[in-house]
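Novice: This is the structure I want to talk about, given as structure tokens.
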Amino acid sequence: MLLPEEDLESEPLSTVDQIQNLILDSADFEEFLNELARFSAHQVAGSGDDALCGITLLRDRKAATIGWSSDSAREVDEIQYRLSQGPCLTAAQEEREVYVPDLFDEDRWGPDYADAVASHGLRSVLSVPFHLQGEAQAALNLYSDAPHKFDGDVAARARGYTRQISQALRLAVRFSLHTDSATNLRATLESRTVIDIAIGIVMAQNRCNQETAVRILTDASSNGNVKLRDIAASLVQSVGGTTSRTHFEEPGRRQIG
């Protein structure tokens, strides 16, 4: 997806305006982040220059690359996650800029990290933190095959750029968190429904109370090494011939008819 062409008679779009257009034009959160990574690589490295770019997000003690300019960018980011250390993790966790002028002379994270990234033909790394104000922690990761690529003006440009787009990324991450919460809520409600129905079936079949029915189901789950929800779903399907459905109205949505 390309950024919208600017009107030749109007003022050039600011970085923030271009990021807002990315948000509006992207089909989903994942597409926006990948477009943002590609846009970031161009903005920071400069016209005609090439750099790999990844965006690392730390949330719930887990790190992941949530946007990448290419598969290579994602692969070199993931080296750090396997080793549990590296410049992008340090930048995100400590919210400070981390620069590796030349991987051939780098030993802050031991030889494994530097050797693994250099094996991809890369020489320099710059990680600059975003400031998400408590939503999560994140960093912009830039890689180049040239040593000392991010000296001077390039590093200053990266700092200014992350300051400009931190607000947009914070809003995008917040939206993602709400989406994840809604998905988890739906899954929890659906699991609870099928388990409650299964408990009722066991009570009827065994003429027992609820506590005993719960124990029968949990024992079957433990003995068969099968999740309780799967045991419950199998029982409900065997009795009713179909799976159960949870009926609830999502916030902001009314049923008609």
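Novice: Tell me whether region 81-103 contains one or more residues that are assigned to a helix (DSSP H, G or I), within 19 Å of ALA138 (Cβ to Cβ) and either of a type in the set (Phe, Trp, Tyr) or in contact with a His (Cβ under 9 Å, 6 or more places away or on another chain) (or both).
Specialist: Yes - at least one qualifying residue is present in region 81-103.
Novice: Could you say whether any residue in region 60-70 is within 21 Å of ALA155 (Cα to Cα), modelled with pLDDT of 90 or more, among the small types (Gly, Ala, Ser) and crowded, with 20+ Cβ neighbours inside 10 Å?
Specialist: No, there is no match, as no residue in region 60-70 is within 21 Å of ALA155 (Cα to Cα), modelled with pLDDT of 90 or more, among the small types (Gly, Ala, Ser) and crowded, with 20+ Cβ neighbours inside 10 Å.
Novice: Which of the numbered conditions does ARG82 fail, given that it passes all the others? Conditions: (1) farther than 20 Å from GLN164 by Cα; (2) touching a residue at least 24 places away in the same chain (Cβ under 8 Å).
Specialist: So the condition that ARG82 fails would be (2).
Novice: Now a separate question. So, in region 104-129, of the ones that are part of a helix (DSSP H, G or I) and hydrophobic (A, V, I, L, M, F, W, C), which residue ends up most open to solvent (accessible area, probe 1.4 Å)?
Specialist: Going through region 104-129, the residues part of a helix (DSSP H, G or I) turn out to be 104-105, 110-118.
With the extra rule that they be hydrophobic (A, V, I, L, M, F, W, C), the set shrinks to 104, 114, 116-118.
Working: PHE104: 134, ALA114: 3, ALA116: 29, VAL117: 0, ALA118: 25 Å².
Here the answer is PHE104.
Novice: Which members of region 160-197 meet the condition of being over 26 Å from the mean Cα position of the chain (by Cα) and either open to solvent by 60 Å² or more (accessible area, probe 1.4 Å) or modelled with pLDDT of 80 or more (or both)?
Specialist: ARG192, VAL194, ILE195, ASP196, ILE197
Novice: Give just the number: which of (1) open to solvent by 50 Å² or more (accessible area, probe 1.4 Å); (2) more than 21 Å from the chain's Cα centre (by Cα) does GLU94 not satisfy?
Specialist: (2) is the only condition that GLU94 fails.
Novice: Just a yes or no: is a residue in region 3-14 modelled with pLDDT under 85 and within 15 Å of LEU140 (Cβ to Cβ)? I'd like the intermediate steps shown before the answer.
Specialist: First pass over region 3-14, keeping only residues modelled with pLDDT under 85: 3-14.
Subset that is within 15 Å of LEU140 (Cβ to Cβ): none.
No, region 3-14 has no match at all.
Novice: Consider THR246 against the criteria (1) open to solvent by 40 Å² or more (accessible area, probe 1.4 Å); (2) at pLDDT below 85: it satisfies all of them except one. Which criterion is unmet?
Specialist: For THR246, the failing item is (1).
Novice: Can I ask one more? In region 130-159, which residue that is open to solvent by 10 Å² or more (accessible area, probe 1.4 Å) and not in a loop (DSSP other than H, G, I, E, B) is farthest from GLY67 (Cα to Cα)?
Specialist: ASP153
Novice: Which of the following residues is closer than 16 Å to LEU126 by Cβ and without any contact (Cβ under 8 Å) to a residue 24 or more places away in the chain: ASP71, ASP77, ASP60, ASP105?
Specialist: The unique qualifying residue is ASP105.
The values are calculated or read from the model by the stated rules, or taken from the named source; none is laboratory data. Note that the structure is a prediction, hence the values are computed from the model and not measured. A quick note on method: Cβ atoms are made from the backbone with ideal geometry, for glycine too, and the neighbour counts reach across all protein chains shown. Surface accessibility is based on the protein's heavy atoms, side chains included, excluding ligands, DNA and RNA. Shrake-Rupley method; radii C 1.70, N 1.55, O 1.52, S 1.80 Å.
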